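The values are calculated or read from the model by the stated rules, or taken from the named source; none is laboratory data. From a predicted model like this one, the values you see are computed outputs, not experimental measurements. Glycine gets a Cβ as well: all are built from the backbone with ideal geometry, and neighbour counts include every protein chain shown. The protein model used for the area step is the full one, side chains on, heavy atoms only, and it has no ligands, DNA or RNA in it. Shrake-Rupley method; radii C 1.70, N 1.55, O 1.52, S 1.80 Å.
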Amino acid sequence: MAPSERSKALEILFNATSRLTAGAYILAISKALSLPRAMAKKLLRQLVENQDVAYQDLYGATYVMEGFSKPVRITDRFYILPPDIPGTPDTHSIDIRIAAGISFGTGHHPTTRLCLNALDRLFFSSSCRHRLYSGRAADIGTGSGILAIAACLAGISSCTAFETDLNAVSEADRNVAANDLKGRIDVVHGPMVPLDKPLSMIMANLRFPTLKQLAPDIHSLLEPNGTLVLSGAREWEMKDLCTHYKSTGFIVDWKKIEKQWGVLILTRTP
């Protein structure tokens, strides 16, 4: 497998707006690289052997996903890797250790990547990072715990991670332990509830109707000028989401779209 073939094949997978079965991926590789189907199938097999991609069973079907059995760079700072391998050699990188599981938030979905891009921006290129370094956060619908973990590794002092699914609570607890953050992240089984003190940051990677429903509660939990990271809305839902949160008392600071999904960074008005 030539380096150019590997690069083009992985680009196809990364740019896909929907999950690809093995057959669909082979067909896409064959067309993009002008290869016979047999050669495209061989290239996929080599990608799997090299741990660049992996097969994932979902809803009774098998899809090709980006492999996370070795460090995968998500942003300038954040890498995702399994708990049992050496970390990245770059002293400026932040390694997020996530065990393979069924919970949402392994790095495959665009919204997870978008949220990590937002956190990278907030902590490493934003004027509000000085407040976040000593602040307290909440992650609503934490899934694997990846956003709570990323925020604490980047500098948040503590995070309460809310999750209604018991399986996800168990997996998030294990991932928190794998990142040595047991004393800083509290995984709570249940919906978001009021906390004893206002928060400097809230993260919520949830579907559009839930994000709209939670707006007043999120506003009440955040301190004035507190930071909010929202994702889970499709590209065509983003305008409505921005309008809704502006009417609830937020300013939109930053927006990014990837694969028809969006992320927002907002600030609560004083």
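Hey, could you check segment 232-257 for residues that are in contact with a Ser or Thr (Cβ under 9 Å, 6 or more places away or on another chain) and open to solvent by less than 20 Å² (accessible area, probe 1.4 Å) and say which is farthest from Arg131 (Cα to Cα)?
Out of the qualifying residues, it is Ala233.
Is at least one residue of segment 190-202 closer than 16 Å to Thr111 by Cβ and in contact (Cβ under 8 Å) with a residue 12 or more places away in the chain?
Within segment 190-202, one or more residues are closer than 16 Å to Thr111 by Cβ and in contact (Cβ under 8 Å) with a residue 12 or more places away in the chain.
Please work out which residue is most open to solvent (accessible area, probe 1.4 Å), limiting yourself to segment 90-120 and to residues that are under 16 Å from Glu171 (Cα atoms) and touching a Phe, Trp or Tyr at 6+ places or on another chain (Cβ under 9 Å). Walk me through how you get there before you give the answer.
Taking segment 90-120 first, the residues under 16 Å from Glu171 (Cα atoms) are 96-107.
Of the ones still in play, those that are also touching a Phe, Trp or Tyr at 6+ places or on another chain (Cβ under 9 Å) are 96, 98, 100, 106-107.
Numbers: Ile96: 0, Ile98: 13, Ala100: 109, Thr106: 32, Gly107: 1 Å².
Here the residue is Ala100.
Which members of segment 153-178 meet the condition of being surrounded by fewer than 23 Cβ atoms within 10 Å (Cβ to Cβ) and not hydroxyl-bearing (Ser, Thr, Tyr)?
Filtering segment 153-178 for residues surrounded by fewer than 23 Cβ atoms within 10 Å (Cβ to Cβ) gives 153-155, 157-158, 160, 162, 164-167, 169-170, 173-174, 177-178.
Across segment 153-178, the qualifying residues are Leu153, Ala154, Gly155, Phe162, Asp165, Leu166, Asn167, Val169, Asp173, Arg174, Ala177, Ala178.
Only one of these is within 26 Å of Ile257 (Cβ to Cβ) and not in a loop (DSSP other than H, G, I, E, B): Thr160, Thr106, Thr142, Thr112. Name it. Spell out the reasoning first.
Numbers: Thr160 fails: within 26 Å of Ile257 (Cβ to Cβ); Thr106 fails: not in a loop (DSSP other than H, G, I, E, B); Thr142 fails: not in a loop (DSSP other than H, G, I, E, B).
The conditions single out Thr112.
Take Ile149 and tell me if it is under 26 Å from Asp84 (Cβ atoms), outside any helix (DSSP H, G or I) and of a type in the set (Val, Ile, Thr). Lay out the reasoning, then the answer.
Values: under 26 Å from Asp84 (Cβ atoms): yes; outside any helix (DSSP H, G or I): no; of a type in the set (Val, Ile, Thr): yes.
Spelling it out, it is not the case that Ile149 is under 26 Å from Asp84 (Cβ atoms), outside any helix (DSSP H, G or I) and of a type in the set (Val, Ile, Thr).
Tell me yes or no: at least one residue of segment 223-231 is farther than 22 Å from Thr106 by Cα, touching a residue at least 12 places away in the same chain (Cβ under 8 Å), assigned to a helix (DSSP H, G or I) and open to solvent by less than 70 Å² (accessible area, probe 1.4 Å).
If we filter segment 223-231 for residues that are farther than 22 Å from Thr106 by Cα, which is where we start, we get 223-227.
After this cut, where a residue has to be touching a residue at least 12 places away in the same chain (Cβ under 8 Å) as well, the list is 223-227.
Now restrict to residues that are assigned to a helix (DSSP H, G or I): none.
So far as segment 223-231 goes, no, none of its residues is farther than 22 Å from Thr106 by Cα, touching a residue at least 12 places away in the same chain (Cβ under 8 Å), assigned to a helix (DSSP H, G or I) and open to solvent by less than 70 Å² (accessible area, probe 1.4 Å).
Tell me the residue from Val53, Val48 that is open to solvent by less than 30 Å² (accessible area, probe 1.4 Å), modelled with pLDDT under 90 and under 21 Å from Gly101 (Cα atoms), please.
The unique qualifying residue is Val53.
Evaluate the following for Pro89: is it touching a helix residue (DSSP H, G or I) at 6+ places or on another chain (Cβ under 7 Å), closer than 20 Å to Asp180 by Cα and modelled with pLDDT of 85 or more?
Values: touching a helix residue (DSSP H, G or I) at 6+ places or on another chain (Cβ under 7 Å): no; closer than 20 Å to Asp180 by Cα: yes; modelled with pLDDT of 85 or more: yes.
In short, no.
Give just the number: which of (1) touching a strand residue (DSSP E or B) at 6+ places or on another chain (Cβ under 6 Å); (2) open to solvent by 40 Å² or more (accessible area, probe 1.4 Å) does Gly87 not satisfy?
With (1) touching a strand residue (DSSP E or B) at 6+ places or on another chain (Cβ under 6 Å); (2) open to solvent by 40 Å² or more (accessible area, probe 1.4 Å) applied to Gly87, the lone miss is (2).
Residue check, Glu11 against (1) out of contact with any Pro (no Cβ under 7 Å at 6 or more places or on another chain); (2) surrounded by 18 or more Cβ atoms within 10 Å (Cβ to Cβ), all met but one. Which one?
(2)
Could you list all residues from segment 15-32 that are under 19 Å from Gln56 (Cβ atoms) and either of a type in the set (Lys, Arg) or surrounded by 12 or more Cβ atoms within 10 Å (Cβ to Cβ) (or both)? So that I can check it myself, show each step before the final result.
Within segment 15-32, the subset under 19 Å from Gln56 (Cβ atoms) is 15-29.
Across segment 15-32, the qualifying residues are Ala16, Arg19, Leu20, Thr21, Ala22, Gly23, Ala24, Tyr25, Ile26, Leu27, Ala28, Ile29.
Evaluate the following for Asp180: is it at negative phi and acidic (Asp, Glu)? Before you say what the answer is, go through the steps one by one.
Details: at negative phi: no; acidic (Asp, Glu): yes.
So Asp180 does not fit the description; no.
Do you know which residues across segment 199-222 are open to solvent by 50 Å² or more (accessible area, probe 1.4 Å) and either assigned to a strand (DSSP E or B) or among the acidic types (Asp, Glu) (or both)? Please lay out each step first, then the result.
Residues of segment 199-222 that are open to solvent by 50 Å² or more (accessible area, probe 1.4 Å), as a first pass: 207, 209-210, 212-213, 216-217, 220.
The answer is Asp217, and nothing else.
Looking only at segment 75-94, count every residue that is within 17 Å of Leu116 (Cα to Cα), among the hydrophobic types (A, V, I, L, M, F, W, C) and part of a loop (DSSP other than H, G, I, E, B) and tell me the total.
The total comes to 0.
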